[in-house]
Amino acid sequence: MRRNLSILLLAVVTCVTVRAQVQSSPAKTAEETGTISGQVVSDSGQPVAGASLFIRATNSFNTARGTTSDSEGNFHINNLEAGLYVITASAPTYATDSLPTPVYYRLGESVRLEMVRGGVITGAVTNNSGDPIVGVRVRAV
């Protein structure tokens, strides 16, 4: 009986000690985190205001963080842990220039994301005889 009580007491003390260590873990300091900043511009070099930006760490399964470019197309993403990041941007009437391989960014880097102004595609879907086909789903990529 005395031995069981000693084992139980030891288990309780161990759990309390581990819990205290977990709760007292310090938050990340400014030296352990950083910022990636940059500008979103059009293909003519003009700032793209209100672009939605998403940043995702390459070594993490966490969801992407987001921000929006200001009136001058500038953005800042703070409190990022050290690592490599992929940044994507989207804005109405703009498309990104698709690159064959992703570009990775590090803390402290200044990023310039160029977006291409979109256009309008018109046309008709016809069969071999040149007759229009109605109700066909068309998708542009």
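The values are calculated or read from the model by the stated rules, or taken from the named source; none is laboratory data. Everything numeric in this text was worked out from a predicted model, so none of it was measured. Positions of Cβ are generated from backbone atoms using ideal geometry, with glycine treated the same way; all protein chains shown enter the neighbour counts. Protein only, heavy atoms only, side chains kept; ligands, DNA and RNA dropped before computing areas. Shrake-Rupley method; radii C 1.70, N 1.55, O 1.52, S 1.80 Å.
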**Asked** To the nearest 10 square angstrom, how much accessible area does T63 have with a 1.4 angstrom probe?
**Response** 120 Å²
**Prompt:** Around G38, what is the net charge, scoring Lys/Arg as +1 and Asp/Glu as -1 over all other residues with Cβ under 12 Å from its Cβ?
**Reply:** -3
**Prompt:** Summing +1 for each Lys or Arg and -1 for each Asp or Glu, what net charge is found among the other residues whose Cβ lies under 12 Å from the Cβ of G73?
**Reply:** -2
